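*Asks:* Dumping the structure here so I can ask a few things about it.
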Amino acid sequence: MESNFFINVTLNETRMAITENGIPVELYIERKSHPRVVGNIYKGKVGKIVPGMQAAFIDLGLGKSGFISVEDVQEDSYFEFFLEEEDSKSQKQKSKSLIQDMLREGQEVLVQCLKEFSGGKGAKLSTNIALPGKYVVLLGNTELIGVSRRIEDLVEKKRLQDFIKQVKPKGVGFIARTASKGVNQDEIEKEMKYLITIWDEIIKKSEEMKSPNLLYEEPSLHIRAVRDLITDEVRKIIVDSREAYKDLKDYMKSNFPETKIQIDLYSDSTPLFIKHDVEPEIEKLLDNRVWLKSGGYLIIEETEALTVIDINSGRYTKGYDQEETIFNINMEAAREAAHQIRLRNLVGIIVIDFIDLKSRQKREEIFNAFTEELKKDKARSVIMKMSSFGVVQMTRQRFRESLLTSISEPCFYCEGNGYLKSIETTSYEIIRELRRLSSKQLIKKIIIIANPNLISIIKEIEGHNLKQFEQQHSLELIFESKDCKLAEFEIKTL
């Protein structure tokens, strides 16, 4: 399977698309106006400690505090490790300590961001520091040595473990990433020394700087992509920024001198994402309906904590009977649902509601097709078996918000509710207000200021009754048009 990277830089925005066999499967957007904090290391100051939640707030100097849970506070007796895009198994132990015994208000602590600020929530923090490279991850303040679970060859596991143990200094640990499989020891040792240099600089800064302060910032999107996402299937990186192109060439020359990946500077007059059919895919992310080639479709509804994917038959009619028709729709939808989860970066709890099937065997085939397609995803997921009603529940790790959150904002009409009050509902609100005002004495005129479409509907559905209303109460109704929301209106009396 051939994979390519496309990197588009526009002033303070960088976008990156990963394609597999020409089809966009992952999209990343980074803007300087919303700097990314995941992976950054800070010298923070402990603020409020909340024993009831076994958590504490940490001032990072960002204007908004991050939070840390008791299990993310490192003690000599235990270590818990979280790493993006990696399936490493940590050797963690349950801590029985209380957060109020481990931290105190005003204390200075070295922390790393695990998750971004989300809505009203602060960034999730940990005192377990991890510095990722391409082949290994340096673990600060621990002697842990580990190997990614995705390396299943026991001989290779032992080779990596023995080598890391032999060359690593005291006071730090290392985990071999999946990409280290088969890599010669000189390359791995070179990266280990590089990460140790960075760690030493962080420690030096932490001793010299006051809190709160940034000690280490993760590199820009295009460099992180090469470091974390490059696989053996990647053939080409195409970038339309000369500066980013130079950064990539220098980084690859310094860290992967023997790479066969081609890096091209794009200079065509047609925008890069339009040329390679990525821009239309980004536009489609704003639509909650995803059509299947067969005529069926998916409805994707995102909330802050939950995403629901509903499968519908649409115009699909192929099949000898109803059961076969439903099975065919579900099979196509299963693969597309997995594709959309990656493309949209759907995170948290995800519920997929397939069309109900009676056959248990066919339900298992659909489930297997879904999980097989999702194996291409680097983010960790926990997937529950399909229920007898055709529902699959899963969770997917959250390190950044979904793409819809990045490229959209709450509707200023519905204020993020997802629904608008109907014109008829608003019309009768106005009529009820007119009745209330008519009970007052000395009112000769009532002026209704509203959207012209709303005024037109009121006159159309209640024109006759409004004339009777004027005669009954001996007053005049005056309608004035205004360019405003359909649900907005103003009423004045004279």
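The values are calculated or read from the model by the stated rules, or taken from the named source; none is laboratory data. Please read all numbers here as calculations on a predicted model, not as lab measurements. With ideal geometry, Cβ positions are generated from the backbone for all residues, glycine too; neighbour counts draw on all protein chains shown.
*Asks:* Within the stretch 190-202, can one find any residue that is in the same structural domain as ASP72 (by TED's automatic domain parsing), surrounded by 15 or more Cβ atoms within 10 Å (Cβ to Cβ) and over 18 Å from ASN255 (Cβ atoms)?
*Replies:* Scanning the stretch 190-202 turns up at least one residue that is in the same structural domain as ASP72 (by TED's automatic domain parsing), surrounded by 15 or more Cβ atoms within 10 Å (Cβ to Cβ) and over 18 Å from ASN255 (Cβ atoms).
*Asks:* Could I ask something else about it? Identify all residues within the stretch 15-38 that are in contact with a Phe, Trp or Tyr (Cβ under 8 Å, 6 or more places away or on another chain) and of a type outside the set (D, E, K, R); write none if there are none. Outline the logic, then answer.
*Replies:* Residues of the stretch 15-38 in contact with a Phe, Trp or Tyr (Cβ under 8 Å, 6 or more places away or on another chain): 15-19, 37-38.
The answer is MET16, ALA17, ILE18, THR19, VAL37, VAL38.
*Asks:* To continue, here is another question. Being without any contact (Cβ under 8 Å) to a residue 40 or more places away in the chain and assigned to a helix (DSSP H, G or I) is the filter; apply it to the stretch 204-222 and report the residue that is surrounded by the fewest Cβ atoms within 10 Å (Cβ to Cβ).
*Replies:* The residue in question is GLU207.
*Asks:* Could you tell me whether the stretch 377-384 includes any residue that is assigned to a helix (DSSP H, G or I) and buried (at least 17 other Cβ atoms within 10 Å of the Cβ)?
*Replies:* Filtering the stretch 377-384 down to residues assigned to a helix (DSSP H, G or I) leaves none.
Checked the stretch 377-384: no residue is assigned to a helix (DSSP H, G or I) and buried (at least 17 other Cβ atoms within 10 Å of the Cβ).
*Asks:* Being free of Cβ contacts under 8 Å to residues at least 40 places away in the same chain and either within 30 Å of GLU279 (Cα to Cα) or not in a loop (DSSP other than H, G, I, E, B) (or both) is the requirement here; does PHE367 meet it?
*Replies:* Values: free of Cβ contacts under 8 Å to residues at least 40 places away in the same chain: yes; either within 30 Å of GLU279 (Cα to Cα) or not in a loop (DSSP other than H, G, I, E, B) (or both): yes.
So PHE367 passes the test.
*Asks:* Which one of GLU462, GLU476 is among the acidic types (Asp, Glu) and touching a Phe, Trp or Tyr at 6+ places or on another chain (Cβ under 9 Å)? It would help to see each step written out before you state the result.
*Replies:* On the way: GLU476 fails: touching a Phe, Trp or Tyr at 6+ places or on another chain (Cβ under 9 Å).
Just a single option satisfies the conditions, and that option is GLU462.
*Asks:* A further question on this structure: Kindly evaluate LEU139 against the criterion of being in the same structural domain as GLU189 (by TED's automatic domain parsing), in contact (Cβ under 8 Å) with a residue 60 or more places away in the chain and surrounded by 13 or more Cβ atoms within 10 Å (Cβ to Cβ). Give the steps one after another, and end with the answer.
*Replies:* Working: in the same structural domain as GLU189 (by TED's automatic domain parsing): yes; in contact (Cβ under 8 Å) with a residue 60 or more places away in the chain: yes; surrounded by 13 or more Cβ atoms within 10 Å (Cβ to Cβ): yes.
Criteria met by LEU139.
*Asks:* Same structure, new question: Considering only residues that are part of a loop (DSSP other than H, G, I, E, B) and under 30 Å from GLY416 (Cα atoms), which ones fall in the stretch 110-164?
*Replies:* Initial filter on the stretch 110-164 (part of a loop (DSSP other than H, G, I, E, B)): 116-117, 119-120, 122-123, 127-129, 133-135, 141-144, 149-153.
GLU116, PHE117, GLY119, GLY120, GLY122, ALA123, listed by residue number.
*Asks:* Next question, about the same structure. Of everything in the stretch 445-494, what is at pLDDT 90 or above and of a type in the set (Lys, Arg)? Give them in sequence order.
*Replies:* LYS445, LYS459, LYS467, LYS482, LYS492
*Asks:* Sticking with this structure for a sec: Quickly run through the stretch 394-425 and pick out the residues that are in contact with a strand residue (DSSP E or B) (Cβ under 7 Å, 6 or more places away or on another chain) and polar (S, T, N, Q). Step through it out loud before you land on a result.
*Replies:* Here is the first cut: in the stretch 394-425, the residues in contact with a strand residue (DSSP E or B) (Cβ under 7 Å, 6 or more places away or on another chain) are 394-396, 398-399, 401-404, 406-407.
Correct list: THR395, SER402, SER406.
*Asks:* Can ILE175 be described as of a type outside the set (Asp, Glu), crowded, with 17+ Cβ neighbours inside 10 Å and in a loop (DSSP other than H, G, I, E, B)?
*Replies:* Working: of a type outside the set (Asp, Glu): yes; crowded, with 17+ Cβ neighbours inside 10 Å: yes; in a loop (DSSP other than H, G, I, E, B): no.
Spelling it out, it is not the case that ILE175 is of a type outside the set (Asp, Glu), crowded, with 17+ Cβ neighbours inside 10 Å and in a loop (DSSP other than H, G, I, E, B).
*Asks:* If we keep just the residues of the stretch 409-453 that are assigned to a helix (DSSP H, G or I) and of a type in the set (Gly, Ala, Ser), which is surrounded by the most Cβ atoms within 10 Å (Cβ to Cβ)? First the steps, then the outcome.
*Replies:* At the first step, the residues of the stretch 409-453 found to be assigned to a helix (DSSP H, G or I) are 423-438, 452-453.
Remaining after also requiring of a type in the set (Gly, Ala, Ser): 427, 438.
Numbers: SER427: 20, SER438: 17.
The qualifying residue surrounded by the most Cβ atoms within 10 Å (Cβ to Cβ) is SER427.
*Asks:* On to the next question. Taking the stretch 36-56, which residues are among the hydrophobic types (A, V, I, L, M, F, W, C), without any contact (Cβ under 8 Å) to a residue 60 or more places away in the chain and either within 22 Å of ILE202 (Cα to Cα) or assigned to a loop (DSSP other than H, G, I, E, B) (or both)? Before you say what the answer is, go through the steps one by one.
*Replies:* The first filter runs over the stretch 36-56 and keeps only residues among the hydrophobic types (A, V, I, L, M, F, W, C), leaving 37-38, 41, 46, 49-50, 53, 55-56.
Applying the additional criterion that residues be without any contact (Cβ under 8 Å) to a residue 60 or more places away in the chain yields 49-50, 53, 55-56.
Across the stretch 36-56, the qualifying residue is only MET53.
*Asks:* Name the pairs: first residue in the stretch 223-240 and farther than 13 Å from GLU20 by Cα, second residue in a loop (DSSP other than H, G, I, E, B) and of a type in the set (S, T, N, Q), Cβ to Cβ under 9 Å, at least 6 apart or on different chains?
*Replies:* ASP240/SER267
*Asks:* With respect to the numbered conditions (1) assigned to a loop (DSSP other than H, G, I, E, B); (2) in contact (Cβ under 8 Å) with a residue 60 or more places away in the chain, which one is the sole condition not fulfilled by GLY63?
*Replies:* Condition not satisfied by GLY63: (2).
*Asks:* Return the pairs, sorted by first residue and then second, in which the second residue is in a loop (DSSP other than H, G, I, E, B) and surrounded by 12 or more Cβ atoms within 10 Å (Cβ to Cβ), the first residue lies in the stretch 466-492 and is in the same structural domain as ALA450 (by TED's automatic domain parsing), the beta carbons are less than 6 Å apart, and the residues are 6+ apart or on different chains.
*Replies:* That search, which allows pairs on different chains as well, returns LEU475/ILE443; CYS484/ASN451; LYS485/TYR413; LEU486/ASN451; ALA487/LYS421.
*Asks:* Hey, which of the strands (runs of 3 or more DSSP E) in the stretch 247-306, taking only ones fully inside, have at least 2 residues that are closer than 20 Å to PHE354 by Cβ and of a type outside the set (A, V, I, L, M)?
*Replies:* Values: elements: 262-265, 289-291, 297-302.
Because the criterion is at least 2 residues that are closer than 20 Å to PHE354 by Cβ and of a type outside the set (A, V, I, L, M), the strands (runs of 3 or more DSSP E) in the stretch 247-306 that meet it are 289-291, 297-302.
*Asks:* Right, something else. Within the stretch 112-136, can you find the residues that are over 15 Å from the mean Cα position of the chain (by Cα) and charged (D, E, K, R)?
*Replies:* Scanning the stretch 112-136 gives a single hit, LYS134.
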